[in-house]
Structure formats: C-alpha cells, structure tokens
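The values are calculated or read from the model by the stated rules, or taken from the named source; none is laboratory data. All figures in this text were calculated on a predicted structure; none of them were measured in a lab. Here the Cβ is made from the backbone with ideal geometry for all residues, glycine too, and neighbour counts use every protein chain on show. Note: areas computed on protein heavy atoms with side chains; ligands, DNA, RNA excluded. Shrake-Rupley method; radii C 1.70, N 1.55, O 1.52, S 1.80 Å.
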Amino acid sequence: MMQFTRRTLRCAIYTRKSTEHGLEQEFNSLEAQREACDAYVKSQAHEGWRQLPERFDDGGFSGGSMERPALKRLLADIASGAIDVVVVYKVDRLTRSLADFAKLVELFDTYRVSFVSVTQHFNTTSSMGRLTLNVLLSFAQFEREVGSERIRDKIAASRKKGMRMGGPVALGYSVTDKRLVIDASEAEIVRLIFTRCLAIGCLTALAAELREREIVTKVTRRRDGSSRGGVPFSKSALSYLLRNRVYIGEVIHKGRHYPGQHAPLIEGELFEAVQSVLATRARNLGSRWINRNAPLSGRLFDAHDRPMHATSANKEGARYRYYASRASASRNRSEIPAAVRVPAPELEEAVQRALAAPEHAGSRPTNGAPDADAFSALERAVVHEDRLELVLLAADPDREQPRLIVPWRRPRSRPRREIHGARNQPSSRPMRAETRARLVEGIGKARGWIDDLLQGRHTSTHAIAEREGCSERSVRMTLNLAFLSPDLVKAAVEGTLPDTTGISRLTTAPMEWEGQRAGI
C-alpha cells in the first residue's frame, strides 16, 4: 500500500497589544494570545502544522498602522519563503485598518501563505472567507474610529463640567482623587509671583528677582523615578504661569474656558490686572521695535498721498515688518482707494540702494539693512505701482529739490516657491506656514526623543508620554518623523513640500526613504 508524506506547514504566531501597560507582568496579554495560538497549532499537528521558534510580538503598538517592528520581520520572513501559515488570536491583532488588511491578504496570496484566526475560523483561500474577513475588519475599523470619537467627546464634556483630565499639574496645586487641591506652600509662591508682576511690570526683572530668592519651577516626579522641573523661571515660563486661568478656578478646552471643580488660588481682580500689565507691556515693546526698525517712518506716502505707517505682524514666532496706508474716508465705498501695504525690508533696500548710487551719495555701500543715516538725504518717498518717487533735500534752499524715479514693483504677497523632493508639478501650491511650523516642531521633538531613548534618559515611550503630558500613541507616531529622508527634512524646513503633505501623513510614511518620496 502506497503511503503519502504530509507536507510540514511552518506556522508563525503573531501577537499585538496597543499599550505597554501590563507588559511587565509575567503572564500578560501577549502571552495569553500566544498560548491560545500555540494550542490551536498543536491541534492541527495531524495536518502537518509546526510552530516556528521565532516570536513575533508587538507590545505597545497600535493596529491602525503598519509601522510595527515584529510585523515587519514577519512580512520579511514571508517574502523569503520561511512561513506557510500566519496564526493570530483575533483578526484585529494583525491590523485594524481595512486598507492595510487588503494589502496583507494580497501579500499572503502572492507567497501562498494561509492566514488563521484561532477565535474566528476563516480560510482566506475562499471568496466567502475573504468576504467574511472584510466585513469583520470593517467593524473593527469602525469600532476604533467610534472609540476615538467617544474619547474626544468624553474629554470635551468633562472639561465643560470643570473636571481635570490629566496633564501637568500647575504650581500651587496637587492632585487628590483626580482633583486639583491647593498646596499651601506652593500657593504662597504663586501669589508672590502675581503680586510682584503687578508691582514690577517686567518679566525680565521678575525672573531675576525670583532667581535671587531661589524660587524655581514646580518639581514633578515621574513613574520611572526621575523628575522634571526645579529650574529657575524663564520669561516664557512666567508668561505661561501668569496667563494660566487655572489659578482663577477655570479649565481650558480648545481655547474656551469653563468653571472648574477646583478652588481658585488667585482673585479675579488681581489676575485681570496682571493680564492688563502683560498686554500693555507687549504693545509697548512692539511699538518700540517697530519705530526702531522703521527708517522711512514719517517720510513715506502712497500714490494717493496717504501716509504709510510702520506696522508688523508676528506669525509662528517670526516677526514681519510692513509699511501700510489706510483707506480714505468716503460715503461711496466704490470710490475708496484700496489701502497699500508693502514689505518693509524690500522697500527700504530699494530706497537705500538708490540713495547710495555714486551720482547721489558718493559711493556709500549698502547691505539692505535699515540704517537711519542712509536715509538722511531723503525728505519724501512715494510708492506707486511701478515705481518709487524719491524727493531729496536740496543743498541750496533756493534750488529745486532733486527727484529720483526708481523702477520698482511691489513683491508678491505669496512668492512662488519651488517644490523639492516631490513629484508634484512646479506650479503646485506649497504647504501653509502653520503646517510647516508644526511639522518642523514635530521633527525636532522626534529627534530629541530618539536621543533621550538612546542615551538612556528615558527607558520607554510611556515615560516620554508622561513627561510631555500626551498619549503614548502620539509619541510613537511623532517618533516616525525622526526617520524622514534628509531631502524631505530639508524641504520641510524650507516650507517647499506640497500643501497636501501634513504631519499626519508623514508620521505614517514608510521607513524606506524611496517609499517616503513616492508617497509625497
């Protein structure tokens, strides 16, 4: 009688857990999944199933992304032909994304690998099995999205009720039963800071005084035993503290404030008085900065003979200077000439270059920087659409004042920028300044966190999340930005990526640089 030898099927068990909580236990969720899968593989021993010794465990990784180290090793082994069957406890352990699942099934089919869920008996080789799996995964993805919405709604509702929802604890408070409670010793420090700010009116002087008194920021202990804070107050730290509405018994959520469930530490009158001081100080500093850097102020007019005043704007931490006129008063709006606004550096450079020409001012050099002496010969400047009209001071009062006509056009408000490292057409719209700022900040954070992990300053992403006051998932997603290709980082810094490229898109980009470029 002829005997047939059954083919051995090499089985790889894949396990996953979304968070790191509980992984330190001897028997955790990953071990429970592996035990169930191992029992299933042994039950199929008569079919030639044999478990591979290598472990594919992803602890602390979300199923919404394919960027998981154990999953990548699993896919690499499948591609090399080392695996015949992939065994998981539930389908959503492999992925919670329907699109990713479709890619995985296609990959399994390419290398003739079977997929088995021990709690949901499906066979991916049949069309009905695939349909059932797709329906099941659709519900898994729906559940994940609904869960996220439910958490966001819960946080918003809790904030409206004045409840504390985690995060760093402000100086002057401690936490008892998840509620803010006034800390008597720290409360005196906070009251001192507010009263001295009202008396001094200068954050620089206030920071120096606190340094002399050896008053430092709040010390917070982390779960890993390390601590944060305990350093001298900077101006930014003082500004944040003095504007924190927690001290008047309120909580903030997305720019709106609600009555909190904790006791106020500062009286409302004192708080508002300090806000007035800070606002006045900011306006005065802005005015001084504008006047100090506006050499054409008082001498500049638009084509309608309206004075053009120096002004500035602060965007994403950068200050931009302008000269602007105001619309003329008229009962008929259609007759009102539009206000004129021009960038100050370009205008000043054009005027200074014209005044520095040898036939007008010897051979005075110019570097484009505002210099009051360079404009001393100018009495009046008029801005037209296609030219600048400069009226100079006459050396002889009896002679007509010299006039210069300088060809000039107002710079584009949004200069066209070339797109680097992208497949988009040259005319594609570049990314917004706000998007660029968030992306560059995220890349900086990611590289700093990677350095913290490599240097041992933090032992896990959970510790980083606690320090930053954010979710561990947010930390893991942001860490992916540390592995962007150099040309993408350069394009991000220069703001030349397409406007369709945001931080959420790049945090889910593949690790391979070619794949990153192809996805832009």
Put ARG7, ARG467, ARG438, ARG281 in order of accessible area, largest first, probe 1.4 Å, and you get ARG7, ARG438, ARG281, ARG467
If R0 = 51 Å, then ILE215 and THR8, at their Cβ-Cβ distance, give a FRET efficiency to the nearest 0.05 of 0.10
Amide H to amide H, which residues 5 or more places from LEU265 or on other chains are under 5 Å from it, using H placed in the peptide plane? ILE248, GLY249
Derived scalar couplings ³J(HN,Hα) [region 44-55; Karplus, 6.51 cos²θ - 1.76 cosθ + 1.60; whole Hz; x for Gly, Pro]: 9, 4, 5, 8, x, 6, 9, 7, 6, x, 6, 9
With a Förster radius of 45 Å, plug the Cβ-Cβ distance of LEU393 and ALA313 into 1/(1 + (r/R0)^6) and report the FRET value to the nearest 0.05. 0.90
Under a crude label model (7 Å from the Cα following the beta-carbon direction), how far is ALA377 from LYS72 in nanometres? 6.4
Cross-link pairs LYS178/LYS218; LYS154/LYS445; LYS42/LYS90; LYS160/LYS445; LYS103/LYS445; LYS154/LYS218 - those with Cα-Cα distance over 20 Å: LYS154/LYS445; LYS160/LYS445; LYS103/LYS445; LYS154/LYS218
Sorted by packing (mean other beta-carbon atoms within 10 Å per residue), highest first, where do 9-16, 258-265 land? 9-16, 258-265
Would you list the P(r) distribution for region 1-103, with all Cα-Cα distances sorted into 10 Å bins from 0 and each bin expressed as a whole %? 14, 44, 31, 8, 3, 1
Could you put LYS154, LYS17 in order of accessible surface area, largest first, with the 1.4 Å probe and the full protein assembly present? LYS154, LYS17
R0 of 60 Å, Cβ-Cβ distance TYR258-ALA39: FRET efficiency to nearest 0.05: 0.70
